[in-house]
1. Any chance region 668-679 includes a residue that's of a type outside the set (F, W, Y) and without any contact (Cβ under 8 Å) to a residue 24 or more places away in the chain?
2. Scan region 433-451 and give yes if some residue there is under 23 Å from the mean Cα position of the chain (by Cα) and either away from the ligand (no atom under 15 Å from the Cβ) or on the phi > 0 side of the Ramachandran plot (or both), otherwise no.
3. Can you name the number of the only condition in (1) over 30 Å from Y806 (Cα atoms); (2) in a strand (DSSP E or B); (3) not hydrophobic (A, V, I, L, M, F, W, C) that G163 fails?
4. Test V704 against the criterion of being in a helix (DSSP H, G or I), out of contact with any helix residue (DSSP H, G or I) (no Cβ under 8 Å at 6 or more places or on another chain) and surrounded by 20 or more Cβ atoms within 10 Å (Cβ to Cβ), and give yes or no.
5. Could you tell me how many of the residues in region 750-767 are touching a residue at least 60 places away in the same chain (Cβ under 8 Å) and within 19 Å of G676 (Cα to Cα)?
6. Please go through region 681-707 and give me each residue that is of a type in the set (G, A, S) and closer than 29 Å to P480 by Cβ, ordered by number.
7. Working carefully through the options G698, G690, G711, G663, find the one that is within 16 Å of the ligand (Cβ to nearest atom) and of a type outside the set (S, T, Y).
8. Among I390, I386, I376, I413, which is the only one that is touching a Pro at 6+ places or on another chain (Cβ under 6 Å), of a type outside the set (K, R) and crowded, with 19+ Cβ neighbours inside 10 Å?
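The values are calculated or read from the model by the stated rules, or taken from the named source; none is laboratory data. Fair warning: this is a prediction, and the values are worked out from it, not measured in the lab. A quick note on method: Cβ atoms are made from the backbone with ideal geometry, for glycine too, and the neighbour counts reach across all protein chains shown.
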Amino acid sequence: MTEQTAPKSPVTTEQFTNEIKEQLKYAQGITVEQATDADIYVAASLAVRRHLVDSWATTQKDMVNGGTKAVGYLSAEFLMGKQLRNALLNLGMLAEFDDAVKALGHDPQLVVDSEYEPGLGNGGLGRLAACFIDSLASLGVPAFGYGIQYKYGIFKQEFDAEGKQVERPDYWLANEEPWGHIDYNRSQKVNFGGQVVEEDGKKVWKPAWSVRAVPVDYMVPGYKSGRVNTLRLWSAKSYDEFDLLTFNKSEYLDAVKPQVEAENISKILYPEDSTPQGKRLRLEQQYFFVAASIHDAIRVFYPGQDKPDLTTFPNKITFQLNDTHPVIGIPELMRVLIDEYGYDWDTAWDITTKTFNYTCHTLLPEALEVWPARLIGELLPRHLEIINEINDHFLEELKGLTRDKERINRMRIVTEGDDPQVRMAYLATAGGSHVNGVAELHSQLLKDVTLRDFSDLFPKKFTNVTNGVTPRRFIRLANPRLSNLITEGLGTDKWLSDLDLLQGLVPLADDPEFVKKFAEVKHANKVAFANFAKDRYGFEANPDTMFNTMVKRLHEYKRQSLKILALIARYAAIKNGTINVDDVLPRTVFFGAKAAPGYYMAKLTIQLINNVARVVNNDPDVKGKLAVHFPANYNVRLAQHLIPATELDEQISQAGKEASGTGNMKFALNGALTVGTLDGANVEIREKVGADNFFLFGMTVDEVEDLYEKGYDPAKYYEADPRLKMAIDMISNGAFSDGDRNTYAPLVADWLTKDYFMTLADFTSYADIQYEIEDLYRDQDAWNRKAILNVANTGYFSSDRSIEDYLERIWHTGPLA
Ligand code: 26W
């Protein structure tokens with residue numbers, strides 16, 4: 001007997017079928033006979049939404065009337081993934097949906113597939129925000145996600161005939177979008193530019209132009225909590241519909257110019273992941289959504305009050321800054337309190353520092369945002385004044401804490417000189433109560449290196465919250481076969497809201513019957529992925545080979561090149577007989593990665609991977625032994641298909657560079673083994689699953705540091721390992737560029753002379769561990785046993801646990817009564 005605690009559907013199949021028909025008829029004006037899959041998708045979504053509305057309203061009412069502090073998660077990115085099945089799961093309506101859609105003569109899978117995935121994020125940081133709002137709702141904590149409804153999300157990736165990345169616009173809003181509710185009556189005015197003048201001894205900002213921020217609300221249903229929170233994404237609209245005066249002069253394009261410019265603000269998501277461009281429009285975006293959100297929170301929590309007592313603001317809401325992107329919120333709240341509500345500096349500062357907290361998501365120095373003061377002054381002159389004043393007060397405070405002048409100087413929020421810069425991470429650290437990193441190692445490095453001066457003087461501000469992922473989307477929805485097996489093994493489905501229960505699977509790793517079932521699930525997932533890939537991308541993947549995956553943004557520090565070099569070395573070894581063909585363990589390698597459009601080396605690496613795939617897959621000498629596939633446009637949907645089918649997962653960044661990683665958690669929870677370095681959350685994953693159940697290789701953070709100090713010479717490693725030499729020589733000799741020796745010359749030159757992330761230094765240990773991996777894989781029972789132990793021991797990486805840590809360590813609030 002298995003205990004079923006999943007929510008019970010509020011409707012029967014028959015009722016739901018009728019609701020879909022109603023929507024088709026009254027909202028869409030379409031008959032059942034005319035309806036396409038996409039029409040059914042819209043109708044079903046609208047029908048599902050109606051079942052959430054009551055809980056949504058109660059949640060908001062209880063939030064405002066009750067005494068529970070809410071969380072405002074401020075994030076420039078929310079990478080939500082598709083909505084329909086997630087809502088169905090949380091309502092307990094998955095089966096009713098399938099049956100209703102079939103009754104209407106459609107295939108449920110095709111209906112679900114017609115949803116267009118909103119790509120409102122770049123990668124880890126955006127997806128984490130989506131997992132967090134799912135967990136907040138599931139834990140019943142009142143929360144708002146606040147962000148931007150970009151008209152164009154992350155670009156659609158295609159490959160041209162040469163294997164180069166081509167970016168295409170992702171105009172997701174050109175499709176029917178039943179989830180967002182646009183609420184013109186709750187819009188906010190956001191001002192820009194102009195000057196600050198003094199009137200009656202008071203500073204008054206006289207802005208030059210304004211934009212209307214219109215909220216688009218998405219319901220965020222909790223799993224089993226009965227709560228529905230709000231994701232409020234702001235869309236920019238112009239106030240000047242158009243300028244009649246200009247229009248009369250029949251200069252039509254000039255007439256609509258202000259409108260076009262205002263609406264540009266929410267037009268496109270910046271595709272740079274880690275290298276800030278310092279672009280004016282990006283700062284406009286940041287201020288736009290943060291200013292609208294702060295005003296919105298005041299409206300929500302002090303309804304109808306002209307003179308609210310904002311000293312209570314930090315008891316109403318706590319704002320989490322998702323990286324530095326929303327940090328302009330700190331001077332904005334100061335400005336609102338001082339200029340709009342008349343508080344003095346100290347009171348305003350007290351309220352502000354109690355309200356904000358900051359999460360850092362990187363270790364790369366170049367990823368820490370720094371804005372030229374000049375630019376801030378042009379766009380937000382009053383904010384620049386306030387930032388300078390914060391800087392002055394802060395320097396005074398520091399003088400009381402230390403006599404070390406150099407240290408004080410290093411900690412300046414605004415740098416000195418002709419072209420002063422505002423360091424947003426420092427502003428966030430000074431202007432909030434807590435700073436956290438996203439994995440143990442990362443938080444430690446923040447304290448020891450990146451924000452060392454701050455952690456020395458304000459040790460209590462610093463804490464860690466290790467990332468997590470939502471088990472609803474990434475196990476239950478992505479991997480129903482494994483979910484059913486887990487429920488069967490544990491005798492309950494409670495694990496979906498208490499992921500530590502997975503521990504109960506530990507003894508089953510030694511139960512041959514369970515191991516067999518687990519192996520069957522994995523194989524079925526591989527077959528399913530092969531079918532999906534054939535259908536969607538047109539390639540054949542053999543499910544009887546090892547499925548080995550590396551999916552993440554393309555970045556040098558993540559070291560896709562380490563994987564590709566090892567792969568080429570293996571290919572060469574098979575071809576020239578260094579390894580006997582019969583001894584080769586058949587492997588299928590999958591890559592998924594987008595590169596920032598301006599990131600030359602990353603794009604060249606993509607081209608190399610595609611061309612290695614072309615050569616390898618067409619070479620009869622390695623047929624059946626080695627295959628490489630690079631499906632374009634890796635996104636949440638592809639993740640949901642590929643992760644459950646993966647057996648070996650790659651987390652091979654240079655130690656000390658990946659803040660956490662969250663893909664690593666998704667893979668372990670879906671029963672893949674990881675080959676990885678001691679970096680980010682890999683460290684904790686390995687601790688939880690046990691060193692025997694994780695393939696560790698490469699240098700540690702300290703070893704990396706030592707090698708830099710000693711002076712790193714990558715060419716030495718090239719000479720020392722013939723496998724590496726062979727791989728690099730093949731690339732330079734044109735083996736993957738039809739004989740052209742120039743194509744990859746920049747990559748080769750970089751490896752041999754700079755190799756900033758020490759790919760070559762880690763090559764030997766990476767190539768060697770492959771033998772261990774393959775030996776284990778030959779013993780399928782032993783492999784699966786370890787895979788089960790990975791599933792059983794990674795319940796800690798539920799985003800529910802991350803949110804509980806935030807509640808306890810940072811937010812000091814909890815579920816609604
Ligand atoms: C353009 C400026 C910029 C700077 C930094 C854009 C984006 C960033 C992000 C911080 C990059 C990012 O997504 N970081 C990732 O955050 C994940 C969630 O915490 C971690 O798991 C990843 O290790 C980290 O790279």
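1. Looking only at region 668-679, we keep the residues that are of a type outside the set (F, W, Y), and these are 668-679.
Add one more test, that the residue is without any contact (Cβ under 8 Å) to a residue 24 or more places away in the chain, and what stays is none.
No - not one qualifying residue is present in region 668-679.
2. Checking region 433-451: at least one residue is under 23 Å from the mean Cα position of the chain (by Cα) and either away from the ligand (no atom under 15 Å from the Cβ) or on the phi > 0 side of the Ramachandran plot (or both).
3. Just one mismatch for G163, condition (2).
4. Values: in a helix (DSSP H, G or I): yes; out of contact with any helix residue (DSSP H, G or I) (no Cβ under 8 Å at 6 or more places or on another chain): yes; surrounded by 20 or more Cβ atoms within 10 Å (Cβ to Cβ): yes.
Answer is yes for this residue.
5. Narrowing region 750-767 to residues touching a residue at least 60 places away in the same chain (Cβ under 8 Å): 750-751, 756-759, 761-763, 765-767.
Then keep just the ones that are within 19 Å of G676 (Cα to Cα); that gives 756-759, 761-763, 765-767.
Residues that pass the stated criteria total 10.
6. Let us first name the residues in region 681-707 that are of a type in the set (G, A, S), namely 681, 690-691, 698.
Scanning region 681-707 gives A681, G690.
7. On the way: G698 fails: within 16 Å of the ligand (Cβ to nearest atom); G690 fails: within 16 Å of the ligand (Cβ to nearest atom); G711 fails: within 16 Å of the ligand (Cβ to nearest atom).
So the residue among G698, G690, G711, G663 that is within 16 Å of the ligand (Cβ to nearest atom) and of a type outside the set (S, T, Y) is G663.
8. Details: I390 fails: touching a Pro at 6+ places or on another chain (Cβ under 6 Å); I376 fails: touching a Pro at 6+ places or on another chain (Cβ under 6 Å); I413 fails: touching a Pro at 6+ places or on another chain (Cβ under 6 Å).
Within the list I390, I386, I376, I413, the selection yields I386.
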